[in-house]
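The values are calculated or read from the model by the stated rules, or taken from the named source; none is laboratory data. Remember, predicted model here, so these are calculated numbers, not experimental data. Reconstructed Cβ throughout: ideal geometry from the backbone, glycine too, with neighbour counts over all protein chains shown.
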Amino acid sequence: MEQSLSELAQQLDNRLLEALKIAKKNNDKQKILQILSSKEKKFKLNKILLPEEKVELAQAKRDIIRENIIFNGVKFFGYPQLFLTFLAEYVRQLTSQLKWDQQRASQVEETILCKASRTASGYNSYFLLSDLFQTDTCLLKPRYEPTPPIVISMLLIDGALLCRIATKNIYGLYRMEDIDDPNREDDAHPEPWLRLDAEVFENIDFTKQKRWVRFMKITSPDIEGSNDLPRVKSKSRTPKAELQLAKTTEPAKFYFFKDTFACIGMSGEW
């Protein structure tokens with residue numbers, strides 16, 4: 001009996017859903033990659049609207065201390081407590097320029113932590129990818145690779161306090177025969193039949209009626225010409241130098257307005 005699609009999957013174009021259904025039935029990896037790389041509007045998987053997910057602050061803090069963070073282009077790798085301290089101070093400095101009180105500043109800080117929680121983004125991405133790509137012969141699982149860092153950008157511009165959070169969750173479709181392969185070494189992991197990335201974006205305007213928009217982008221590093229390239233190791237800095245750079249780095253203005261409220265056509269209040 002065919003499983004019914006979730007509400008998230010039902011918002012997608014029926015022609016996309018039908019094309020994926022046929023490709024999965026035929027175990028046609030190349031067809032799935034063609035769909036994922038298609039520029040046709042009916043096959044777009046880069047702006048899947050998501051509902052707001054509630055995460056308790058205590059859970060969000062437990063999540064964040066396990067993460068690597070890039071804040072305004074600066075890496076906080078291996079310094080989770082330092083990041084939490086810096087975030088509180090940075091938010092306080094920006095909100096003081098807006099003459100917001102401490103309670104409102106704390107709400108901004110807590111909102112960022114809760115919306116950056118991988119508990120929420122992981123939940124949405126796993127179940128949507130399962131809906132769209134999992135088959136009777138393949139199982140969707142997190143890939144055996146380092147978890148990508150959470151990327152947070154925040155600035156105060158023209159009286160607006162804006163924040164963008166990007167959390168990428170990486171998965172693979174694994175064939176059952178590869179998972180159960182008795183000839184595989186004990187310490188070896190099976191190779192995914194198809195790699196899938198689900199990146200969740202949170203765009204927040206803390207100033208204008210606390211607007212937010214949340215959406216997901218689905219891609220695959222298996223697509224020819226994708227950005228799955230080795231990263232260039234950046235010059236290491238001391239934690240003190242990192243903090244100073246994070247305070248002085250301002251992302252380009254368009255970064256917050258491109259693909260945000262007007263483009264998505266949806267906003268909410270938190």
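Residue under question is residue 76, and the condition is that it be hydrophobic (A, V, I, L, M, F, W, C), at pLDDT below 95, more than 16 Å from the chain's Cα centre (by Cα) and farther than 23 Å from residue 155 by Cα; does it hold? It would help to see each step written out before you state the result.
Numbers: hydrophobic (A, V, I, L, M, F, W, C): yes; at pLDDT below 95: yes; more than 16 Å from the chain's Cα centre (by Cα): yes; farther than 23 Å from residue 155 by Cα: no.
Considered against the rule, which asks whether it is hydrophobic (A, V, I, L, M, F, W, C), at pLDDT below 95, more than 16 Å from the chain's Cα centre (by Cα) and farther than 23 Å from residue 155 by Cα, residue 76 comes out as no.
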**Request:** Output the number of residues of segment 22-45 satisfying the condition of being part of a loop (DSSP other than H, G, I, E, B) and either among the aromatic types (Phe, Trp, Tyr) or surrounded by 13 or more Cβ atoms within 10 Å (Cβ to Cβ) (or both).
**Result:** 5
**Prompt:** Does any residue of segment 175-183 turn out to be part of a strand (DSSP E or B), buried (at least 16 other Cβ atoms within 10 Å of the Cβ) and at pLDDT below 95?
**Reply:** yes
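For (1) under 30 Å from residue 7 (Cα atoms); (2) not β-branched (Val, Ile, Thr), each residue gets a yes or a no:
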{"site": "72", "(1), (2)": "no, yes"}
{"site": "82", "(1), (2)": "no, yes"}
{"site": "119", "(1), (2)": "yes, no"}
{"site": "130", "(1), (2)": "yes, yes"}
{"site": "149", "(1), (2)": "yes, yes"}
{"site": "165", "(1), (2)": "yes, no"}
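For segment 49-160, please list each of the helices (runs of 4 or more DSSP H) lying entirely inside it that holds at least 1 residues being under 30 Å from residue 26 (Cα atoms).
On the way: elements: 57-64, 80-97, 102-115, 118-133.
Answer list for segment 49-160: 118-133.
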**Message:** Among the residues in segment 70-92, are any on the phi > 0 side of the Ramachandran plot, among the small types (Gly, Ala, Ser) and in contact with a helix residue (DSSP H, G or I) (Cβ under 9 Å, 6 or more places away or on another chain)?
**Reply:** yes
